[in-house]
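What follows is one structure encoded as C-alpha cells, with my remarks underneath.
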C-alpha cells in the first residue's frame with residue numbers, strides 16, 4: 001500500500017466502493033488531489049497547499065475527464081520544481097515560455 005498524507009490508497013478504494021453501494025452510482029469525481037501525487041506544475045489550493053486545484057471524473061472505474069490549474073508564474077514553477085527534486089536547468093525552456 002502507498003501512504004499519501006496519512007491515507008492508504010487501498011482505504012481510498014474501499015471508501016469509493018462503499019459509496020457505490022450507498023449511493024448506487026458508478027460515477028464519481030475526485031477533487032483536490034494531494035499535491036504530492038500531482039506534477040510539479042499543478043497549482044496548489046489557495047486555502048490548503050497540501051492539496052492541488054485538480055480533479056478527475058470516473059465512470060465505472062475508468063477516468064473519462066481530468067483537469068488541473070497549471071502554475072503560470074516562472075518563479076513559483078522554479079520553487080515547485082526544486083521542492084519536487086527537479087533540476088531547474090533541465091526544464092528551463094518550459095519555464096522560459098512563461
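For the reader, a short list of remarks on this structure follows.
- Within region 79-98, the residues that satisfy the criterion of being under 20 Å from the mean Cα position of the chain (by Cα) and in a loop (DSSP other than H, G, I, E, B) are 84, 85, 86.
Conditions (1) in contact (Cβ under 8 Å) with a residue 12 or more places away in the chain; (2) closer than 27 Å to residue 97 by Cβ; (3) buried (at least 16 other Cβ atoms within 10 Å of the Cβ); (4) in contact with a helix residue (DSSP H, G or I) (Cβ under 6 Å, 6 or more places away or on another chain), marked per residue:
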residue: 31; (1), (2), (3), (4): yes, no, no, no
residue: 37; (1), (2), (3), (4): yes, yes, no, no
residue: 43; (1), (2), (3), (4): yes, yes, yes, no
residue: 47; (1), (2), (3), (4): no, no, no, no
residue: 57; (1), (2), (3), (4): yes, no, no, no
residue: 66; (1), (2), (3), (4): yes, yes, no, no
residue: 74; (1), (2), (3), (4): yes, yes, no, yes
residue: 77; (1), (2), (3), (4): yes, yes, yes, yes
residue: 83; (1), (2), (3), (4): yes, yes, no, no
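FYI, it's all coordinate maths here, none of it is from the lab. As the structure is a prediction and not an experimental result, all values here were calculated from the model. Every residue, glycine among them, receives a Cβ derived from its backbone with ideal geometry; neighbour counts consider all protein chains shown.
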